Every structure is written in structure tokens, then in C-alpha cells.
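Some notes on the structure that comes next.
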Amino acid sequence: MSRPTPPDDRVLARRRQVGAQIRRVREEHHLTQLDVCGRSGIDVATYSRIEQGHASPRLDTLIRIADAMGVSLADLVR
């Protein structure tokens, strides 16, 4: 079985941008990472990796994060 190709620089940059946007929205709503994780059921380490741009969240994970923050999905990926 072949290994997936690593993402290119453009994808990595976009991943970091999305992570930074998620963090901005969280901070604007005066929430901690623990608050979001408790409301969404996402593991703290996983959530932290998403904010840092080290992980690519699935769509259902982004929806859970948006719901936990009380914002639209578009607000997270704007």
C-alpha cells in the first residue's frame, strides 16, 4: 500500500491560516481551548494541533468546533 503524498507548501499555509482563524474566533468569544473541547467533545491535543495548523480537521470536526463556539462554519474558515 502506498503512502499518501505530503501536502505542498500552499496547503500547509492554508492549514495554518485556518488554525489561526479558529484561534481568533475562540479568543473573540472569550473561550479557552478547554471550553471548546468540553462543548465539542474533541480531544484537547487534537484541537491544539488544529489551531497550530499541524492537523487537517474533517468537516464534521469543524462543524462541532463552530457549534461549540456558537458561530457559523464560514466564520471559522473565512
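The values are calculated or read from the model by the stated rules, or taken from the named source; none is laboratory data. Note that the structure is a prediction, hence the values are computed from the model and not measured. Just so you know, the surface numbers come from the protein's heavy atoms only, side chains and all, with ligands and any DNA or RNA stripped out. Shrake-Rupley method; radii C 1.70, N 1.55, O 1.52, S 1.80 Å.
Things to note:
- The chain: relative contact order as a whole-number percent, Cα under 8 Å and 6+ apart: 37
- What the chain shows is 69 Å² of accessible area per residue, with the surface traced by a 1.4 Å probe over protein heavy atoms.
- Region 3-67, accessible surface, carbon-and-sulfur percent (1.4 angstrom probe): 50
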